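As structure tokens, the structure follows; a few thoughts come after it.
Here, each number is a calculation from the coordinates, and none is a lab measurement. Because the structure is a prediction, the values reported are computed rather than measured. Counting neighbours? That spans all protein chains shown, and the Cβs are built from the backbone with ideal geometry, glycine included.
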Amino acid sequence: MSDNQKGTVPDRFCIECYTYGAMTSGVLLVQGPPRSGKTSLAKSLMKIALQKDQPLLVLSTQPSVTELRSAVDRWSAKLGGQTSIVDCFQASSAEEETGFALIDLRKLGGLVDKELAKLSQPYVIFDSIDALAISGGESLALQFILSCLRRIEASRSTGVATVTSGSHDPRFENMLRTYFRGVIELKLEEANGQLQRSLRIFSLLGTSHSTDWYPFRITEDGIMIGSKEYRDQLPPRHSELHSSDLRRTLESHPRSSTFQSSAGTQLLEGMR
């Protein structure tokens, strides 16, 4: 484990990624193979949003939204906050011959608009993009995602979306990465008969950052980065992003300046 990995404290990575989104009206993309922890990372960001009293909008294309709904209900009961969950298969038309339900992207766009109008600058969890590509084809899925991102940013909302790497055409995955303000990569490896999950910041628009891989484990409440022994010994500090980087981002994105006096600045001050 490198010194940078040793210096990581509980949820610090997630707090900083959340803060970046709050400062830029940005949506981040979480990309990784199956079972690598994409939904668990989204849960950690979801929890931070509720802790900061930000409304929460969850768009789920998972076959069952029970797990996400359970996490939202548990945390919102403890932390308070306004939450809304949209099962994207509500926007579907059942295929009688095959028995499959395909998502109607136009109807789903209407549901997104309706929820964004009800909530004030919500944190949006989109888990996951995969079903959109299956339902409408990758070309239509890209068009819908771009349109959806514009809706989210126009409402000055923030959030995170997940996608499974290696399951789509490489051109689709590469184009998808260009649509988001940042990309977090996850990987899953086997070592000594055990599975090891790691993550890194691949890109964050307008910032300088490390691209080191950080090991993490999945817990009931999301993810935990680094070993407990190292975390117990270390004081809170910035590990990846720095306030000067974020302020430079603000200066280069005037449309997000309203966050300077609200959640983003408060979070930065709290991390010093």
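Put a dot 7 Å past the Cα of ASP113, heading toward its Cβ, do the same for ARG35, and the two dots end up 4.2 nm apart. Using the Cβ-Cβ distance between ARG69 and SER139 with R0 = 22 Å, the FRET efficiency computed as 1/(1 + (r/R0)^6) comes to roughly 0.10. The amide H of PHE126, built 1.01 Å from its N in the peptide plane, has LEU59, VAL160, ALA161, THR162 as neighbours under 5 Å, considering only residues 5 or more places off or on other chains.
Approximating the spin labels as points 7 Å out from Cα along Cα→Cβ, the LEU205-to-ARG177 distance works out to 1.6 nm.
Judged by the mean number of other Cβ atoms found within 10 Å, the most tightly packed of the peptides 204-215, 149-160 leads the ranking 149-160, 204-215.
Given their separation in residues at 0.36 nm each and the Cα-Cα distance between them, GLN51 and ARG151 gain 33.6 nm when the chain is fully extended.
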